[in-house]
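Contents: one structure, followed by commentary.
The values are calculated or read from the model by the stated rules, or taken from the named source; none is laboratory data. As the structure is a computational prediction, the values presented were derived from the model and not from experiment. Virtual Cβ from ideal backbone geometry, glycine too; neighbours counted across all protein chains shown. Protein only, heavy atoms only, side chains kept; ligands, DNA and RNA dropped before computing areas. Shrake-Rupley method; radii C 1.70, N 1.55, O 1.52, S 1.80 Å.
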Amino acid sequence: MKAYIAAVLAVPLCAVAAQAQTSPPSAGGEVLTLDEALADAGVTTPLTQAAEAGVWAAQAGRGVARLRPNPSVSVDTENALGTGPYRGFDESDTTIAFAMPVELGGKRSARIAVADARIRRADIDLAVAEADRRLAVTEAYVATIASERRAAVAEAQVAVTTENLRIARDRVMVGANSPIDEQRAALEQVRATTDAETALRTAIAARVTLTQYVGDGARSALDQRWCDVAAATRQGPAAPVDARGTLALAAASADAATAAAELRLARSQRAPDLTLTAGTRRLEASNDQAMVFGVSLPLPLFNGGKAAVTQAARERDRAEAQSRIALFEAERAITAAEAERDRAATAVRASGPALAAATEAARIARVGYAEGKFDQLILLDAERTLLDTRRAGIDARAAYHDAVARLARLTAKLPAEGGAQ
């Protein structure tokens with residue numbers, strides 16, 4: 001099983017092992033950049049299909065809202081199938097009428113306004129889905145780079161602990177050290193082997209996740225230079241971000257606009273509609289014909305629409321309150337993401353000098369232990385410090401890029417009308 005795992009990760013880990021922290025990817029071989037991964041994910045993943053269908057449904061809903069009420073045709077026969085002279089149809093009167101409902105109170109325009117608001121909301125939902133997809137792919141890309149770097153560091157640690165175990169055995173054999181040194185070194189070697197196997201499996205899982213997003217392109221090496229350079233190049237405080245133009249607030253504002261349109265529609269429903277009727281009546285007894293005209297108007301005695309208007313008004317108030325809450329939450333989340341990004345950037349910049357110092361300390365400890373100048377505990381402490389420093393550098397870069405990705409999602413701007421694709 002271990003051989004299989006190592007074979008699967010051979011290509012990416014070879015590129016990572018040569019540069020455990022900061023080296024650029026190899027020039028020979030294909031490299032999948034983040035932009036390419038995002039483009040591939042737009043074709044491969046179904047993450048925006050529901051939102052796209054929602055846009056189409058909302059557009060179809062506008063077509064429904066534009067429709068006017070259907071007219072109706074009625075045929076009535078009177079004075080037939082009775083008694084006496086009305087036994088048959090000889091004395092019957094037949095009326096053929098055409099009825100046309102007439103909407104009053106601006107119902108049609110109110111329906112269209114609601115449909116337009118829903119289209120806008122669907123466009124925002126699509127933009128949100130696309131921004132969420134970008135965030136998910138970016139996080140998967142960063143997680144893959146970080147997990148493979150951790151696997152490379154863990155594999156290198158196995159070699160280090162194996163060499164330390166050899167030195168400890170040699171010194172115990174010649175009586176220069178206590179047998180406890182060999183046992184400590186063996187324990188460290190077992191721990192390192194276990195950590196390496198765990199890290200390899202984690203790296204495989206990260207690659208699988210990335211492949212699910214971007215397809216076969218995830219089999220290529222990833223852009224290591226991007227991971228290293230981005231955090232180091234940022235200088236100075238960033239400009240403040242206005243949360244009012246972000247997708248989170250746009251969605252809440254669209255909900256408030258939809259609720260306002262639905263309130264207008266509820267008010268328009270209080271106006272009763274007319275039904276105009278025109279037709280012709282045939283009198284069988286005299287074989288004469290006459291025109292028939294009529295007007296009908298419902299009487300709002302039991303349901304005048306006031307309760308529906310009250311409900312719609314409360315829904316509008318709720319949507320407006322949610323919009324204010326969304327602004328507060330967006331500003332809070334943006335501030336938190338900016339702080340996390342800045343903390344991670346500081347850690348990235350500090351990781352270089354820290355790694356250099358830890359590497360030199362470990363080198364001195366190895367040489368000193370091999371020559372019998374240092375106790376084994378000093379060596380183990382230096383090795384663990386170096387290992388922790390390497391992992392901290394990897395974690396800092398991953399945290400930086402994750403924070404940048406979250407910040408980009410939180411500050412994603414509302415597309416122009418019809419701009420969502």
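Here are the numbers for the structure shown:
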| quantity | calculated |
| --- | --- |
| Unmet requirement for T144, which otherwise passes all of (1) open to solvent by 50 Å² or more (accessible area, probe 1.4 Å); (2) of a type in the set (V, I, T); (3) touching a strand residue (DSSP E or B) at 6+ places or on another chain (Cβ under 9 Å) | (1) |
| Residues within the stretch 32-82 that are more than 30 Å from T277 (Cβ to Cβ) and not in a strand (DSSP E or B), tallied | 30 |
| Single residue of the stretch 104-135 satisfying the filter (under 25 Å from the mean Cα position of the chain (by Cα) and among the β-branched types (V, I, T)) that is surrounded by the fewest Cβ atoms within 10 Å (Cβ to Cβ) | V128 |
| Any hit, the stretch 66-78, residues being more than 30 Å from V292 (Cα to Cα) and either crowded, with 16+ Cβ neighbours inside 10 Å or in contact (Cβ under 8 Å) with a residue 12 or more places away in the chain (or both) | yes |
| Extreme residue, most open to solvent (accessible area, probe 1.4 Å), among residues of the stretch 282-304 that are more than 15 Å from A99 (Cβ to Cβ) and assigned to a strand (DSSP E or B) | Q289 |
| Counted residues, the stretch 351-389 - those being in contact (Cβ under 8 Å) with a residue 40 or more places away in the chain, under 42 Å from the mean Cα position of the chain (by Cα) and either closer than 23 Å to D228 by Cβ or open to solvent by 60 Å² or more (accessible area, probe 1.4 Å) (or both) | 4 |
| Condition check for G84: surrounded by fewer than 16 Cβ atoms within 10 Å (Cβ to Cβ), at positive phi and at pLDDT below 70 | no |
| Residue that is at pLDDT 90 or above and within 23 Å of the chain's Cα centre (by Cα), where the choices are A51, A41, A65 | A51 |
| Flag if A337 is part of a helix (DSSP H, G or I) and either closer than 30 Å to D228 by Cβ or touching a Gly at 6+ places or on another chain (Cβ under 6 Å) (or both) | yes |
